[in-house]
Amino acid sequence: MTNTYEHHEYDVLIIGAGGAGLRAAIEAKQRGLKVGIITKSLLGKAHTVMAEGGMAAAMGNVYAEDNWMVHFRDTMRGGKYLNNNRMAELHAKESPDRVRELEQWGALFDRTKDGKILQRDFGGHRYARLAHVGDRTGLELIRTLQQKVVSMGTDVFMECKVLKLVHDADGRIAGCVAYWRPTGEFVTFSAKAIILATGGVGKSWKFTSNSWEGTGDGHAMALWAGAQLIDMECIQFHPTGMVWPLSVRGLLVTEGVRGDGGVLRNSEGKRFMFNYVADMFRAETAESEEEADKWYDDHTAGRRPPELLPRDEVARAINAEVKAGRGTPHGGVYLDIASRRSAEFIRRRLPSMYHQFMELAGVDITSESMEIGPTCHYIMGGVKVDADTAATSVPGLFAAGEVAGGMHGANRLGGNSLSDLVVFGRRAGMGAAEYIEAGEVATSLNMAEVEEAIREALAPFERTEGENPYDIQRDLQEMMQANVGIIRNAQEVEFALGELEKFTQRVKNIKVKGGRAYNPGWNLATDLPSMISVSKCVATGASLRKESRGGHTREDYPAADPEFAKFNFAHSTNGGNWDSPIVTVESPLLPMPDELKALLEEAH
Amino acid sequence: MADVTMRIWRGDASGGDFENYTIAQNEGEVVLDVIHRIQATDAPDLACRWNCKAGKCGSCAAEINGKPRLMCMTRMDQLPEGPVTVTPMKTFPIIRDLVTDVSFNFAQAEKVPAFLPPPMPEGGYVMFQEDVERGQEFRKCIECFMCQDVCHVIRDHEENKAHYAGPRFFIRYAELEMHPLDQNDRRDLVREEMGLGYCNITKCCTEVCPEHIKITDNAIIPLKERVVDAHYDPVAWLGRKILRRTKRSSAEATVQPAP
């Protein structure tokens, strides 16, 4: 079959233009390769801009005691030991260099008094470790990388949505098929290596901090192409999302509010987090408000406040307070920084939060408490990759950033995401370059796969009647929120698995109105197969993991079970179609070298 | 709450017209919420750009009752009573409905000579908060391009786009010019090719900036002063002739070497 579509050829093709994708592009470009980036939005709009608090790196600028070993330990403890330990090690070792490198490319981080990069406190990090720019660190990261990529003359395909990865005859990744959103025309790409950097999946939940883009395209395309997804049940519900007005419910409120002194109170005005300190964190957490309050100025004068426990702990506590009837009028709890810091301090340290609440909720956070509650924020699970090269099990396919699994285990620490993007974005670029240098790359696209993807994409136009994709999306979000949310049980996740089969059938009956040019209804119709494939993996993992660990909480199995700490659930599909059955196996964790084990066992 | 009528421009490059959608209102909603509800029911093919819905990505700029606004940050209850008119940004070519072709801005971004720092010392660069703050103000820019949309130099004169970078890029040039580490000199480029002189400081850009960047006062006016100093100051001119410049000229500026 001949290719009659617009066609482009690259050495390395990167799908996704957030922090991981852009960093991967820089690395591949620096190695002299021909690099293309495809993004379904405009350049610079990726979800990375939403990251607020900072990027974690043990630079030791504020606390000289900090180093990669402490960061490694914090990351593994935060992840409840489900992490790929090699990824956690590389991340802790390399993130300081990745932060400094951003300043070589024009970033301007906030400074310490002696002119170094300032670092702030965040949950689960023993020392003040997050390099930041006020509360808009993600914007700084993406703009810096974007400007660097543009200065290097990289091809960027904007508002181009990839539908499916395409193999060659031997099963290697050979390219992909996509469509231009402005025109609706199809386009094919050949590439020796493809790096997935597509971000997360949060849009399948009703209350989420994720933008419309978080539909799990990369997770799903990897699954369909033959790769494995791990830890998909581990979803982070960020403790502090806005709860009112309803139209902004789920919108993120940075953890920086708590890092800078904000505390959580229930409707009785009580700082309830002291009642929710798990045994694992008791030795390092303050027992009284007096002790906690000393810590902000001097980490040696008291132990850390319980508001800065890892996110999974805080989210569960908020959930419990609301359930016990001590919530706010709109079903959240109060986040109070107004009574604890000056108005000037709050406006300087948290300018976006100040504007967000003032403009969207009519709340002045320098004089009033915020109402907040958990919001679906991040998926720890993702494509199973080799730590050093970001290679998946499919030759020619790499993954970095949120779409990759393993780095964060069962729960990600705040600030470890931005550093993850640049550490493993770079490694994916290196891994792809080495794969290409080794020479065993694909040479031709399997055009039957291309034609099949295009036929599926056009089917919703050909039906004379059928369902509105927006109705399916709304029902899917409500179903996942209700049954595979922050607290789960056997009955609900089994129900969800049954419902997901019904959603699969409903997607096959979508009718799209209008033409192909910039049609959001059609675009949503092409997102839904990904959302459903990913949701099936999440629900399957949630059903099988009969324990509670990190971002997976089962009310019928409330404790962690050491037997479940030995493996990840790994999902794959043999059919390669979006509706092919999911096959799930236990995939043993990477054995941990003794020297890393020793770091975890050190008493602190 | 009473129903509201949304007058939304629908069409493409070949033409279009307003369509009215009358819809119930909910407490606390922004314009983008209402657009989304219209998409989900009456008009699933209504094209609009959006991403974060939190005022951080700058995707959803449109003209609401004739003024450039972010749809995600404009509350319905703060608009005057009566129908709400939503049109695409006027300065850029239409793709469809509320979506415009903003590639002019990406082309301008490609023309900016790259940031060029000295080699990084062991342990990283030393910069002080007061030195980075000026640039940080400009780096708050979310690239919504509303300043470009409202700037009359290109809003009313398509022909000026060929030689005018616009406010968004003047703050970028100002940021680089004021960056404590940058060694490129872009002053001649800004004067000769980026059309800084066309700006007659009416501050329309500053008024629409959702990040409250003082575009005119803190970027454009200081940039004009620096450019003038570089070009007309006879001592500086002589110094350049004799000593060559310590900063590279914009013509020589290239993509910086990889560290």
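Values quoted throughout were computed directly from the atomic coordinates according to the rules given, and no laboratory measurement underlies them. Note that the structure is a prediction, hence the values are computed from the model and not measured. Cβ placement follows ideal geometry from the backbone for every residue including glycine, while neighbour counts extend to all protein chains displayed.
What fraction of the DSSP beta bridges in the protein assembly as shown is antiparallel, stated in percent and rounded to the nearest 5?
On the way: 62 of 90 bridges.
Bridges in the protein assembly as shown are about 70 percent antiparallel.
Pull out the extension gain between A:Met447 and A:Asp475, defined as 0.36 nm times the separation in residues minus the alpha carbon to alpha carbon distance; nm, one decimal.
Contour length minus Cα-Cα distance gives 6.6 nm.
What trypsin sites (Lys or Arg not before Pro) does the range A:106-201 have in DSSP loop regions with at most 16 other beta carbons within 10 Å?
Qualifying residues, ordered by number: A:Lys113.
Could you give the size of the charge dipole of the protein assembly as shown about its Cα centre, using +1 on the Cβ of each K and R and -1 on the Cβ of each D and E, expressed in debye and rounded to the nearest 20?
Roughly 1040 debye, rounded to the nearest 20.
Around A:Arg316, under 11 Å between beta carbons, what's the net of Lys plus Arg minus Asp minus Glu among the other residues?
Summing Lys/Arg as +1 and Asp/Glu as -1 gives -2.
Mind checking the dipole of the range A:238-376: about its Cα centre, +1 per Lys or Arg Cβ, -1 per Asp or Glu Cβ, Debye to the nearest 20?
Numbers: 18 positive and 22 negative charges, 60 e Å.
Roughly 280 debye, rounded to the nearest 20.
Give, as a single signed number, the net charge of other residues whose beta carbon lies under 11 Å from the beta carbon of A:Lys116, with Lys and Arg counted +1 and Asp and Glu -1.
Net local charge, A:Lys116 excluded: 0.
Can you tell me the orientation of helix A:137-151 relative to chain A, as the angle in degrees between its alpha-carbon axis and the longest Cα principal axis, to the nearest 10?
The helix A:137-151 is inclined about 40 degrees to chain A.
For the modelled label position 7 Å from the Cα of A:Ser393 along Cα-to-Cβ, which residues of the range A:206-229 have backbone nitrogen atoms closer than 17 Å?
Answer for the range A:206-229: A:219-229.
So how much slack lies between B:Asp217 and B:Thr22, counting 0.36 nm per residue of separation and subtracting their Cα-Cα distance, in nm?
Full extension of this stretch gives 66.0 nm more.
In what order do B:Arg139, A:Arg348 fall by count of nearby beta-carbon atoms within 10 Å, going from fewest to most?
A:Arg348, B:Arg139
With labels modelled as points extended 7 Å from the Cα through the Cβ direction, what inter-label distance (nm, one decimal) is found for B:Thr5 paired with B:His157?
Each label point is offset 7 Å from its Cα along the Cβ direction, giving 3.9 nm.
With the crude spin-label approximation of a point 7 Å out along Cα→Cβ, what separation in nm comes out for A:Leu600 versus A:Ala438?
Inter-label distance under the simple model: 2.8 nm.
Compute the long axis of helix B:221-232 from its Cα atoms, compare it with the longest principal axis of the Cα atoms of chain B, and write down the angle in degrees, 0 to 90, nearest 10.
30
Looking at chain A, identify the longest residue range that excludes and avoids all GluC sites (Glu not before Pro) in DSSP loops having at most 14 other Cβ atoms within 10 Å.
So the longest stretch without any such site is A:288-439.
If you average the sequence gap of Cα pairs under 8 Å that are 6 or more apart and divide by the length of chain A, what percent do you get for the contact order?
Rounded, it is 22 percent for chain A.
From Cα pairs below 8 angstrom and at least 6 apart in sequence, can you work out the relative contact order of the range B:103-243, rounded to a whole percent?
Taking the mean separation of contacting Cα pairs over the length of the range B:103-243, I get 28 percent.
Compute the long axis of helix A:351-361 from its Cα atoms, compare it with the longest principal axis of the Cα atoms of chain A, and write down the angle in degrees, 0 to 90, nearest 10.
That works out to roughly 80 degrees.
I want the local charge near B:Arg10. Using Cβ-Cβ distances under 12 Å, sum +1 for each Lys or Arg and -1 for each Asp or Glu among the other residues. Please list the in-between numbers first.
On the way: positive: B:Arg7, B:Arg96; negative: B:Asp12, B:Asp17, B:Glu19, B:Asp42, B:Asp45, B:Asp97.
Local charge sum for B:Arg10: -4.
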